[in-house]
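Visitor: Got a structure here, written out as structure tokens. Questions coming.
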Amino acid sequence: MENLSSNKLTDTKDDRDSVIQRFFPGTGHTYDRIVRLTTFGTDAAWKKEILSRLPKRAERILDLACGTGILTFQLARLYPNAHITGVDITEDYLDVARQTIEKLRIENVSLILSRAEDVKLKTSFDCIVSSYLARYADLEVLTQNCAKMLCSGGILLMHDFVLPTNPIVKSIWNQYFKLLSPFARWRYPEWEPAFSGLANHIRNTTWVQDLTTTMADVHLSDIRVEILGRGISAIVTARKE
Ligand SMILES: C[S@@+](CC[C@H](N)C(=O)[O-])C[C@H]1O[C@@H](n2cnc3c(N)ncnc32)[C@H](O)[C@@H]1O
């Protein structure tokens, strides 16, 4: 039976790799459309929430699991004088991001093909952000590396889905996820593996608890958990002293 638990501190790298390989390769070219269609604008609202929690000024920002660059390019617009580094493990997502950079002649973004946990840059960052990485990552390793790459006063922010606790929202959420798989089979077959596994992946995730524990372990301060969107996603932030 496949392992669809998500980032309990005991999960192995192989467990995480198999989920990443099942969910992402081959979906980069339709990702932006799928996000718009399936979140009914909620993803755009969450990205605004992320941006609103970042410092007014920043010179260097790291976007981990940048994907096709939805958040990365918003950061590049909001901080025209900053340099944004995007990292992602899936080549075809970065290909889409590279095409956007070329098409829009964006000069303040660079991209790195890598597992987020393996990134150990000498640059010191004012902010490190991620949207939809926390469930897939080894948070112990990731947080340790991020703490080293943050400058003093720098912010680490991670955003991802959580399981709603309100029974009415949870029931709608369950029904919604039941519809995603047949929708994908009908219209976007490349998304079927991800959509058939996503609900369980979110049900089993312990990312908020794991992340806050590891943030405290590496002595980040002001650790804050904010639940968004009727309880279906969360933002966790912390600051380096
Ligand atoms: C749902 S997409 C989110 C993309 C982007 N952050 C956004 O909000 O639109 C998740 C992305 O995480 C990437 N990813 C998953 N695990 C990763 C890891 N351990 N290191 C780097 N990228 C990872 C996938 O390749 C995929 O592009």
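The values are calculated or read from the model by the stated rules, or taken from the named source; none is laboratory data. Just so you know, these numbers come straight off a predicted model, no measurement behind them. For the accessible areas, the whole protein counts, side chains as well, though only heavy atoms, and no ligand, DNA or RNA atoms are used. Shrake-Rupley method; radii C 1.70, N 1.55, O 1.52, S 1.80 Å.
Visitor: Can you list the residues, at least 5 places off or on another chain, whose amide H is less than 5 Å from the amide H of ARG60, using H built in the peptide plane?
Guide: Sorted by chain and number, the residues that satisfy this are HIS83, ASP126, CYS127.
Visitor: Where the accessible area of the chain is counted over protein heavy atoms with a 1.4 Å probe, how much of it, in %, is carbon and sulfur? Intermediate results must be reported in sequence, preceding the final value.
Guide: On the way: 6350 of 11920 Å².
Taking all protein chains in place, the chain shows 53 percent carbon and sulfur surface.
Visitor: Can I ask one more? What are the ³J(HN,Hα) values, in whole Hz, obtained from phi via the Karplus relation 6.51 cos²θ - 1.76 cosθ + 1.60 with θ = phi - 60°, for each residue of region 78-83 in sequence order, with x given for Gly and Pro?
Guide: 5, 10, x, 9, 9, 9
Visitor: Starting from the residue with the highest accessible area, list LYS13, LYS170, LYS122 in decreasing order, probe 1.4 Å.
Guide: Numbers: LYS13 110, LYS170 75, LYS122 200 Å².
Sorted descending by solvent-accessible area, the residues read LYS122, LYS13, LYS170.
Visitor: Each residue of region 220-227 in turn: what ³J(HN,Hα) in whole Hz from Karplus with 6.51, -1.76, 1.60 and θ = phi - 60°, glycine and Pro shown as x?
Guide: My calculation for region 220-227 gives 6, 10, 6, 6, 10, 10, 10, 8 Hz in order.
Visitor: Using a 1.4 Å probe, what is the accessible area per residue for region 6-88, in Å²? Walk me through the numbers before you get to the answer.
Guide: Numbers: 3990 Å² over 83 residues.
Spelled out: the 1.4 Å probe surface of region 6-88, per residue, equals 48 Å².
Visitor: Among HIS83, HIS29, HIS159, what's the order by accessible area (1.4 angstrom probe), most exposed first? Each step should come with its number before you reach the end.
Guide: Details: HIS83 70, HIS29 130, HIS159 0 Å².
Accessible-area ranking of HIS83, HIS29, HIS159, largest first: HIS29, HIS83, HIS159.
Visitor: Considering only protein heavy atoms, what per residue accessible area in square angstrom results for region 169-241 with a 1.4 angstrom probe?
Guide: Details: 3800 Å² over 73 residues.
Spelled out: the 1.4 Å probe surface of region 169-241, per residue, equals 52 Å².
Visitor: Averaged over every viewing direction, what's the projected area of the C-alpha convex hull for the chain? Give it in nm², one decimal, please.
Guide: Details: hull surface 49.4 nm².
That works out to 12.4 nm², a quarter of the Cα hull's surface.
Visitor: Let me ask something else about it. With θ set to phi - 60° and the Karplus curve 6.51 cos²θ - 1.76 cosθ + 1.60, what are the ³J(HN,Hα) couplings of region 49-60 in order, to the nearest whole Hz, using x for Gly and Pro?
Guide: 4, 4, 4, 5, 9, 8, x, 4, 10, 7, 9, 9
Visitor: What is the total of Lys pairs in region 83-241 with C-alpha atoms under 13 Å apart, excluding same-chain pairs fewer than 8 positions apart? Numbers along the way, then the final one.
Guide: Details: LYS120/LYS148; LYS122/LYS148; LYS148/LYS240; LYS170/LYS178.
Lysine pairs satisfying the spacing and distance rule in region 83-241 number 4.
Visitor: What does the accessible area of ARG135 come to, in Å² to the nearest 10, when a probe of 1.4 Å is used?
Guide: 10 Å²
Visitor: For VAL225, VAL96, give the ranking by accessible area with the largest first, probe 1.4 Å. Could the numbers behind the result be given before it?
Guide: Working: VAL225 70, VAL96 30 Å².
Order by accessible area, largest first: VAL225, VAL96.
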